[in-house]
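Below is one structure, written out as C-alpha cells, with a few remarks after it.
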Amino acid sequence: MTNEPPDPMTSMWAWIAYQLRYQRIERSLSGDAVAKLLNCSRATISRLETGEARLQDKQAAKLDKEWRLGPFFTVALWYARLAPDPQWLSNYTQFEARASRIQMFDGQTVPVLLQTPEYARALLLAGRNADADVEKAITERLGRQQRLATTDPPELWVLLTENILTWPVGGTEIMLGQLAHLLELAERPTVTMRIVPRQSGASEGLDGSFKVITVREGEVGYIEAATGGRLVMDVEAARGLRVRFDRIGAKALPVDSTAKTIHRAMEALEHERSRMAEIESIR
C-alpha cells in the first residue's frame, strides 16, 4: 500500500512533504532513485513524503540543483521554520509515545508528564481560555503519563529549577500534593531528577523550557512557547539542545540532594500555611 502524503493545507511542513512526492512523480522517479540522489535509505524518502521526517538543508539544496527548481525547497524550509505548526502537539506526542529517553528542562512549571491532575487543572484554569475543555485536556495529559507506568518506560532525565518547587500553583494543598508526587517519581529507577538552585545564577535555562527526545531514528528537540511548541527536527539543532541540557545540568544539585530539596520546599509551604492560619484566627 502506497503511503499517502499529508494534506498540504495543514502546515508548511506538510506542504513540503506533499511537494517532494509531487515533484518526484512528475519526473517519473522511484523512491529508490531519490534515495540514491540524497544518499539515504528508501525508508527515509517514504518518511519524508509522509511528513514523519523533515527535509534537511543539504537535501533541499541537492533537490533544487538536480531538479532545476531554483531555491524552491530551500526557501520553503526557511518559511516552514518561521511558521507556527498547528499540528505541533500531535507531532510531539507521537515522538514522546515511542521515546526511549526524554531529557527535559523546565524553569517555570512542572512538566506535563510529571503533573498531578489537580496541579494540571490549576494551570489550565489559570490560562483563562474560555473555549478550552479543561477536563478533556487533563484526561489527555494523564493519558500521556500512562507511558511511564508501562513495563518498558522511557528514561526520564529531569532538570527543574528551584522556583518551580516554591511557586504554589493552585494553592498550598495542591502544591504539597504535587511535590509529594515528584518525590515518588524521583524514586523510580528510570527517573533521574535534579534541581537547579536559585543561587546557581544565570544559565542557558533562562532562555526557556525545552526537551530532547531520543527515538529509534535519532534525537528530536522540542522548544516550549506560550502560544504553542516547536519541534526541532534538524540533527545539529537537536544536538545543540542536548548540549544546552548538559550545561544547565552542570549547575544542578546532585541527584541525592533532590529529595532533601523537595522536602525543604514542602516544609516552607507548610510553615506558610500555619502562618496564614494564625493570621486568620486573629482577625
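The values are calculated or read from the model by the stated rules, or taken from the named source; none is laboratory data. As the structure is a computational prediction, the values presented were derived from the model and not from experiment. Methodologically, a virtual Cβ is constructed for each residue, glycine included, from the backbone with ideal geometry; neighbour enumeration extends over all protein chains shown. These area figures cover heavy atoms from the full protein model, side chains too; ligands, DNA and RNA do not enter into them. Shrake-Rupley method; radii C 1.70, N 1.55, O 1.52, S 1.80 Å.
What fraction of the DSSP beta bridges in the chain is antiparallel, stated in percent and rounded to the nearest 5?
55
Please state the charge dipole magnitude for the chain, taken about the Cα centre, from unit charges on C-beta atoms (+1 on K and R, -1 on D and E), reported in debye and rounded to the nearest 20.
The dipole magnitude comes to about 840 debye.
For the chain, with all protein chains present and a 1.4 Å probe, just round the carbon and sulfur fraction of the accessible area to a whole percent.
Ligands and nucleic acids excluded, carbon and sulfur reach 53 percent.
So what's the net charge close to L176: Lys and Arg +1, Asp and Glu -1, counting the other residues with Cβ under 14 Å from its Cβ?
For residues surrounding L176, the net value is -4.
Just the number please: accessible area per residue for the chain, 1.4 Å probe, all protein chains included, in Å².
Normalised by residue count, the accessible surface of the chain is 56 Å².
Along the positive direction of the dipole of the stretch 172-283 (beta-carbon charges: Lys, Arg +1; Asp, Glu -1; about the Cα centre), which of S200, T172, I213 reaches farthest?
The residue sitting farthest along the positive end of the dipole is S200.
How high is the FRET efficiency between T10 and W78 when r is their beta carbon distance and R₀ equals 22 Å, given to the nearest 0.05?
So, using R0 = 22 Å, E works out to roughly 0.70.
Cα to Cα, under 17 Å, and not fewer than 8 places away if on the same chain: which aspartates and glutamates meet these conditions relative to K65?
E26, D57
Quickly work out the R98-to-K136 label distance, labels modelled 7 Å from Cα along the C-beta direction, and quote it in nm with one decimal.
Rounded to a tenth, the inter-label distance reads 2.6 nm.
Computed over the Cα atoms, what is the radius of gyration of the stretch 168-271 divided by 2.2 N^0.38 Å, N being its residue count?
1.23
If I histogram all Cα-Cα distances within the stretch 153-211 using bins 5 Å wide from 0, what percent of pairs lands in each bin?
Going from the shortest bin to the longest, the percentages are 4, 16, 23, 23, 21, 13, 1.
For the chain, what is the per residue volume of the convex hull drawn over the alpha-carbon atoms, in cubic angstrom?
159
Report the residue, chosen from N91, N163, N39, that carries the largest GNM mean-square fluctuation when the chain is represented by alpha-carbon nodes joined by springs under 10 Å.
Ranking N91, N163, N39 by mean-square fluctuation puts N39 first.
Report the calculated FRET efficiency for T172 and A259 (r = Cβ-Cβ distance, R0 = 22 Å), to the nearest 0.05.
Between T172 and A259 the formula returns 0.65.
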